[in-house]
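Read through the structure below, which is laid out as structure tokens, and then see the notes.
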Amino acid sequence: MGPSDNRALSLGGALLIGLLSGAGVALGGYFIGKGFYAARVGERFVTVKGLAERDVKADLAVWTVSYTATGRGLAEANSAIAQDQTRVTAFATGHGFPAAEIEVQPTTVTDTYANQSERRAPDPDQRYVIKGGIRIRSGKVDQVRLASQDTGDLVKQGVVLGENYPQAPQYFFTRLNDIRPAMLADATRSARSVAEQFAADSHSRLGAIRRASQGVFEVTGRDSNGENGAVDDQSSLEKKVRLVSTIDYFLVSQ
């Protein structure tokens, strides 16, 4: 084989290698492009919110009944506040609350003459002011509500109720765990219904869940307009529990 034949062979080999390399680059680019396309298609998703609401009734009531007594002397004021405590406690037990549900609150004593600006108090019979109270914590929420409507009986007995009279009970819903699974299921169904409609409008079909956020359970008064967010209207016996879940669903081309 002569030199000219060797040069031809070398040229042909280089050409073949070049063709193979070019084909490899083209095929690699094709598969990479397909991979990017598949990734873009796989990342098509829709974010929707699912709503679940449930009306519930409070199962715990906390009611503080405060009262005030005054006197010229400390012993006189102490005697008056002790009588008030006896009357208010009897009022509570008379409405069906056992001793275990009644807690006597600490008393506070104010000597109005101790304040320089009050040394010339117009009524020396009210020099000492003592404040006390009881707290009722009970699951008998209806009894608490009825009792709170009868505090006029205490006034008739001479009990001077606190400055925030009439004193409204606070009502709480504590059994959220009992309804949590069902509400989560309702919120998920609500979200899926919205997502399916979106998929139909975009000529796609709904795929698997990409990501899900449970959301926060909000407890408000039953007639709350939602302006206060998650703030519970504790004066309301009837409550509304609300849950908004956020879910991402993949969209699959038809």
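General remarks:
- Using the Cβ-Cβ distance between residue 49 and residue 235 with R0 set to 45 Å, the FRET efficiency works out to roughly 0.90.
- Placing a label point 7 Å from the Cα of residue 205 along the Cα-to-Cβ line, the residues of the range 43-65 whose backbone N sits under 20 Å from it are 43-47.
- Separation in nanometres of the label points that stand 7 Å from Cα toward Cβ, at residue 100 and residue 178: 1.9
- 3J(HN,Hα) along the range 239-254, derived from phi through the Karplus expression 6.51 cos²θ - 1.76 cosθ + 1.60 where θ = phi - 60°, amounts to 10, 10, 9, 10, 9, 10, 9, 10, 9, 9, 10, 6, 10, 10, 5, 7 Hz, with x in place of Gly and Pro.
- Solvent-free Debye scattering, log10 I(q)/I(0), computed from the Cα coordinates of the range 60-172 at q = 0.10, 0.19, 0.20 Å⁻¹: -0.32, -0.92, -0.99
- In a fully extended conformation the segment linking residue 123 and residue 62 would gain 18.4 nm over its present Cα-Cα distance, using 0.36 nm per residue.
- Distant-in-sequence amide contacts of residue 234, defined by a placed amide H-H separation under 5 Å and a gap of 5 or more residues or a different chain, comprise nothing.
- For the pair residue 108 and residue 213, a Förster radius of 51 Å applied to the C-beta separation gives a FRET efficiency near 0.60, rounded to the nearest 0.05.
Bear in mind that the values in this text are calculations on the coordinates, not laboratory data. Keep in mind the model is a prediction, meaning the values are calculated, not measured. Every residue, glycine among them, receives a Cβ derived from its backbone with ideal geometry; neighbour counts consider all protein chains shown.
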